[in-house]
Structure formats: structure tokens, C-alpha cells
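Colleague: I'd like to ask you about the structure that follows.
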Amino acid sequence: MNVLFTVCGRAGSKGFQNKNLKELRQVPLLYYTLAAIRLYRDAHPDDRVSVALNTDSGELIGQAQRQTIVPGISVVERKAELAGDTTPKVDVIKDTYLALRLEKRIDVVVDLDITSPMRRVLDIEQVLAEYQSSESYDLVYSVVHARRSPYFNMVEKKQSGYYEKICRSAYTARQQAPAAYELNASIYAYRPRFLESEIQKTILDYRCGIAVMPDYLVLDIDSEEDFLMMEHLHPYYCRQDAALAAVYQTAAGE
């Protein structure tokens, strides 16, 4: 299988300034993503793996050029019209794919978020296994089991002005409600033909599949509070999970 991994990061960030350039345990966040790719490539020697960084950040490009975890990364310059706060990330991934598709055969585009350092090779493998299980999928993404259910204990303000369940139902216990899942913004596998199409809706409105990751891997970094929490929890989970520790060790060059 020909796998293109995309890594996308804007310069700056209004929510958490320069979050893509942060270091977790003295290791740049970018290196955790590259370490996961390296470990996947090593575990799947028959796959042809390539990596592309899409960014408008000179500092992020510098990090990519200084590292030796995954040599030969293609850099795709982020277009100004794709660097806005409200630009859908799929548009950036699509632009990256279109820039490289003539250079190499691509069977799947796997996007790994820089600010989700808690992912393991087996999580990538599960996403790709689900992707390969059905040609009908436009994309497959990673999720965790939701701790709240829109059918039972999640509410929103209705036109009446009062707060009610997001999904109306007669369920009296959460166990009765359909299973709900939460996207953890970690892994997305896109069908090339989908990226070549006119994408006019949110990706969740297309034909999607999921791969479930463990509950504690819901953590990502979108604020300073998230980052502080990650600094405290990451060492603990690495001690509990050898696959997670392997990513850290590879990222740190150990």
C-alpha cells in the first residue's frame, strides 16, 4: 500500500500561541508525529511510506529539516487562502495531496495532528484496517467512546429558551441509548478519490468509518491548560503503555 502521511500546522495560533512549536518533555511535538510514522514504516516494510509537511511556519520547517527520525519529508507551502482561522483542515490536506499526486502513487492519505502526541502505531494500523475493509468509505477517523450521550445527558438551548437533550428520546438510562463516540483529532485516513472531488460539506457529512482508541487517548492540545495536563499525564501513560513509550523514545532519539 502507498501511504502518504500529511502533517499540517499553521504559524501562530489564536487559541494557544505557537502550539505546533511546543516541546513536550523537551521534545518538539512534531517529532512525536514523525516518530509514529517511523515506527509504522518500520513495522510495514512492504508499504511505500511518504511524508508531507504543509505549513507557513519557517520554524516548523526548521524543526522538520533538523530531525533525522524521518528523512526526506516533502514541504508544501501553505497557501495564504488556506491559512485562515476558519479554513477547514480537509482543504489543506486536499491541497497537499494534489501537489504530490503526480510525483507518486497514493492509495491513502493519512493525516496525523501535531497536537495529538498520544497515539500509537497500532492506532494507525486500526484506522487503516478499517479503511481497507470497505471501498465505500470516503474517510475513516479515530474516536474514543463518548463520556456523555446526546440522547441522555447532553443538552442544548432550544427555541423555547429552555435547555433540553440534544437528541430527543425516551431513554431513562444511558445504557439504553445508542453508542456515541467522540472524535479525538488524532488520525484521519482519506480516500484519494474523495480528496479529488468537490468537498462542499463538513467531512462528517460524508461516508465515514471509525476506529476506536482507548479513552485516555482522547487528550490533545488546544489550550495552555491542555498542554499543562499533557505534561503531567504523558509520563504516567508512557509507564503504563509500552507502545506509547516507544513513540516517545523514538521521538527523543533514545
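Colleague: Let me confirm something: among R148, R174, which residue is more than 22 Å from D111 (Cβ to Cβ), charged (D, E, K, R) and in contact with an Asp or Glu (Cβ under 9 Å, 6 or more places away or on another chain)?
Modeller: Values: R174 fails: in contact with an Asp or Glu (Cβ under 9 Å, 6 or more places away or on another chain).
After ruling out the rest, the residue left standing is R148.
Colleague: Which condition breaks for E224 when tested against (1) within 30 Å of Y31 (Cα to Cα); (2) in contact with a strand residue (DSSP E or B) (Cβ under 9 Å, 6 or more places away or on another chain)?
Modeller: (2)
Colleague: Looking at the stretch 201-210, is at least one residue more than 19 Å from Y31 (Cα to Cα), at pLDDT 95 or above, among the hydrophobic types (A, V, I, L, M, F, W, C) and in contact with a helix residue (DSSP H, G or I) (Cβ under 6 Å, 6 or more places away or on another chain)?
Modeller: yes
Colleague: Can you pull out the residues in the stretch 75-85 that are open to solvent by less than 40 Å² (accessible area, probe 1.4 Å) and touching a helix residue (DSSP H, G or I) at 6+ places or on another chain (Cβ under 9 Å)? Don't jump to the end; show me each part of the working.
Modeller: Filtering the stretch 75-85 down to residues open to solvent by less than 40 Å² (accessible area, probe 1.4 Å) leaves 76, 78, 82-84.
Correct list: V76, R78, L82, A83.
Colleague: Related question: Find the residue count for the stretch 32-91, including only residues that are touching a Lys or Arg at 6+ places or on another chain (Cβ under 8 Å) and farther than 21 Å from G253 by Cα.
Modeller: Summing the residues that are touching a Lys or Arg at 6+ places or on another chain (Cβ under 8 Å) and farther than 21 Å from G253 by Cα in the stretch 32-91 gives 9.
Colleague: Would you confirm whether or not the stretch 90-97 contains a residue that is modelled with pLDDT of 95 or more, basic (K, R) and either within 23 Å of L24 (Cβ to Cβ) or open to solvent by 10 Å² or more (accessible area, probe 1.4 Å) (or both)?
Modeller: Keep residues of the stretch 90-97 that are modelled with pLDDT of 95 or more, which gives 90-97.
After this cut, where a residue has to be basic (K, R) as well, the list is 94.
With the extra rule that they be either within 23 Å of L24 (Cβ to Cβ) or open to solvent by 10 Å² or more (accessible area, probe 1.4 Å) (or both), the set shrinks to 94.
Yes: the stretch 90-97 contains one or more residues that are modelled with pLDDT of 95 or more, basic (K, R) and either within 23 Å of L24 (Cβ to Cβ) or open to solvent by 10 Å² or more (accessible area, probe 1.4 Å) (or both).
Colleague: Select from the stretch 62-74 the residues that are surrounded by 16 or more Cβ atoms within 10 Å (Cβ to Cβ) and either in contact (Cβ under 8 Å) with a residue 60 or more places away in the chain or not hydroxyl-bearing (S, T, Y) (or both) and list them in ascending order. First the steps, then the outcome.
Modeller: Applying the first criterion (surrounded by 16 or more Cβ atoms within 10 Å (Cβ to Cβ)) to the stretch 62-74 yields 63-64, 67, 69-70, 73-74.
Correct list: Q63, A64, Q67, I69, V70, I73.
Colleague: Yes or no: the stretch 242-250 includes at least one residue that is touching a strand residue (DSSP E or B) at 6+ places or on another chain (Cβ under 9 Å), closer than 18 Å to E125 by Cβ, in a helix (DSSP H, G or I) and open to solvent by less than 80 Å² (accessible area, probe 1.4 Å). First the steps, then the outcome.
Modeller: The initial filter retains those residues of the stretch 242-250 that are touching a strand residue (DSSP E or B) at 6+ places or on another chain (Cβ under 9 Å), namely 248.
When the remaining residues are screened for being closer than 18 Å to E125 by Cβ, the result is none.
No, the conditions are met nowhere in the stretch 242-250.
Colleague: Another question, if that's okay. Please indicate, with yes or no, whether at least one residue in the stretch 74-82 is more than 19 Å from the chain's Cα centre (by Cα) and outside any helix (DSSP H, G or I). Give the steps one after another, and end with the answer.
Modeller: As a first pass, look at the stretch 74-82 and keep what is more than 19 Å from the chain's Cα centre (by Cα): 77, 79-81.
Keeping just the survivors that are outside any helix (DSSP H, G or I) gives 77, 79.
Taking every residue of the stretch 74-82 in turn, at least one turns out to be more than 19 Å from the chain's Cα centre (by Cα) and outside any helix (DSSP H, G or I).
Colleague: Say we look at the stretch 41-61 and pick out the residues that are in a strand (DSSP E or B) and small (G, A, S); which of these is most open to solvent (accessible area, probe 1.4 Å)?
Modeller: In this case the residue turns out to be S50.
Colleague: Taking into account only those residues within the stretch 198-225 that are small (G, A, S) and outside any loop (DSSP other than H, G, I, E, B), which is farthest from the chain's Cα centre (by Cα)? Spell out how you get there, then give the answer.
Modeller: Pass one, the stretch 198-225, residues small (G, A, S): 209, 211, 223.
Those still in the list that are outside any loop (DSSP other than H, G, I, E, B) too: 209, 211.
Numbers: G209: 14, A211: 12 Å.
By that ranking, first place goes to G209.
Colleague: Restricting attention to the stretch 2-32, report how many residues are at pLDDT 95 or above, surrounded by 15 or more Cβ atoms within 10 Å (Cβ to Cβ) and either more than 14 Å from T115 (Cβ to Cβ) or among the aliphatic types (A, V, I, L, M) (or both).
Modeller: Residues in the stretch 2-32 being at pLDDT 95 or above, surrounded by 15 or more Cβ atoms within 10 Å (Cβ to Cβ) and either more than 14 Å from T115 (Cβ to Cβ) or among the aliphatic types (A, V, I, L, M) (or both): 9 in total.
Colleague: Within the stretch 181-197, which residues are assigned to a loop (DSSP other than H, G, I, E, B) and open to solvent by less than 30 Å² (accessible area, probe 1.4 Å)?
Modeller: R191
Colleague: Taking A11 and the conditions (1) under 24 Å from A243 (Cβ atoms); (2) in contact with a Ser or Thr (Cβ under 7 Å, 6 or more places away or on another chain); (3) of a type outside the set (F, W, Y); (4) in a loop (DSSP other than H, G, I, E, B), which numbered condition does it fall short on, given that it satisfies the others?
Modeller: (1)
The values are calculated or read from the model by the stated rules, or taken from the named source; none is laboratory data. Not measured: the values here are computed from a predicted model. Counting neighbours? That spans all protein chains shown, and the Cβs are built from the backbone with ideal geometry, glycine included. Accessible surface is based on the protein model in full, side chains and every heavy atom, while ligands, DNA and RNA are left aside. Shrake-Rupley method; radii C 1.70, N 1.55, O 1.52, S 1.80 Å.
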